[in-house]
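Reading through the structure tokens given below for one structure.
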Amino acid sequence: MTSVSEPTTPVSSQPDPVKENAAPGSSTQALLYLRGLDSSVTETDLSYLFGQVGTVLSVKVVKVCTYDISNVSRRYGYVHYCDSKDAKNAMDLLNGELLNGKPMRIMFLNRDPSSWKVGASIFVKFFDKSLSSKNLHETFAVFGTVLASNFPTGSNGLLEGHGCVQFEQEEDAQQARRLDGMLMGDGQVFVRPYLSKKERVEKKRENCLAEQRFSKLSKVIVRNLPEKVEIDEFEKKFDFYGSVFCASIARDKKGCSRGFGFVRYFHPECAARAIASLNGTPWYGKTIYVEYAKSKFERRVEFELKRSCRFEELQGTKLYVEDIDDSINEEKLKDLFSEFGLA
């Protein structure tokens, strides 16, 4: 069985601030938890790097300790400072920095689950994967004290495009959500409240049930949508024909409209009125087309059916001509056969 000991490797001879020097409730703010360390990182490396920020009491690189394996890093560890201000400065300066070729993920150590605030965490999705963990951490730190940020890195060394940030206060997380939909680097960023795995599964189940409650004839697709149309104006226009359950405009990685959107009504008759009234009408100089939205399977079946019908229509209408002189081009060939019918 693997055994893991607490961070006890001394760096200075000062007493443990958890018991003597630290103010009540502040000791965990001086203890940092490090993840994603390269397997070659040693306690000496951590002591040297973090010692440049402030006085370090102890460091620990956790290793596997079994009867057949020893001294193999588990790629995480701890750094204990005398002063919580030094710990915060170290996290702000070094979080996301490369150590032996791998970015470190640094957060305050907190073993008390009762102090975790779900509302103080956000989920972040972004499209510019050339961003660094440090850039993202600094961006969100503007809104308040960040206790932890986690942006996974792929095997190619680039970020995977998603992550989460935990703030000390829920109000700071609410403020950070103002970045939702804005450009960050070369792509758009989406900021949503963080949901646990259980909550995500439950929400997906509720969405599936909601889809089943609505008729297929209550959802419409709007094509050739003007780029300047925003979601509020889009929803307001279609709400005129009945209560809208939800509406969305498809956007690319940079947040630009892709020229189409969807509207789902509570009742099928509302969708029918919207199609009858708006299909083929002008909007900001463009003609919009409104029709019932179809599933991917339905669209494929419809395409195959049209292609099959077209193939049957063309049966017996094509001729194969051989031994054509090099001086005959397409126009001359078309003129030659046009006297027998439209070519």
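What do you reckon, is ASP180 among the acidic types (Asp, Glu), touching a strand residue (DSSP E or B) at 6+ places or on another chain (Cβ under 6 Å) and surrounded by fewer than 16 Cβ atoms within 10 Å (Cβ to Cβ)? Taking the combined requirement at face value, the residue satisfies it. Across the stretch 215-237, the qualifying residues are those that are in a loop (DSSP other than H, G, I, E, B) and either in contact (Cβ under 8 Å) with a residue 40 or more places away in the chain or closer than 14 Å to PRO282 by Cβ (or both), and the one among them that is farthest from the chain's Cα centre (by Cα) is SER215. Reported count of residues in the stretch 311-343, each being surrounded by 10 or more Cβ atoms within 10 Å (Cβ to Cβ) and modelled with pLDDT under 80, is 1. The criterion of at least 2 residues that are of a type outside the set (D, E, K, R) and touching a residue at least 12 places away in the same chain (Cβ under 8 Å) is met by the following strands (runs of 3 or more DSSP E) wholly inside the stretch 250-322: 257-265, 286-292.
When we screen ALA176, ALA87 for residues that are closer than 19 Å to TYR48 by Cα, among the aliphatic types (A, V, I, L, M), in a helix (DSSP H, G or I) and out of contact with any Ser or Thr (no Cβ under 7 Å at 6 or more places or on another chain), the only hit is ALA87.
The values are calculated or read from the model by the stated rules, or taken from the named source; none is laboratory data. Bear in mind that the values here come from a model prediction, so they are computed numbers and not experimental data. All Cβ positions, even for glycine, are placed from backbone atoms using ideal geometry, and neighbour counts span all protein chains on display.
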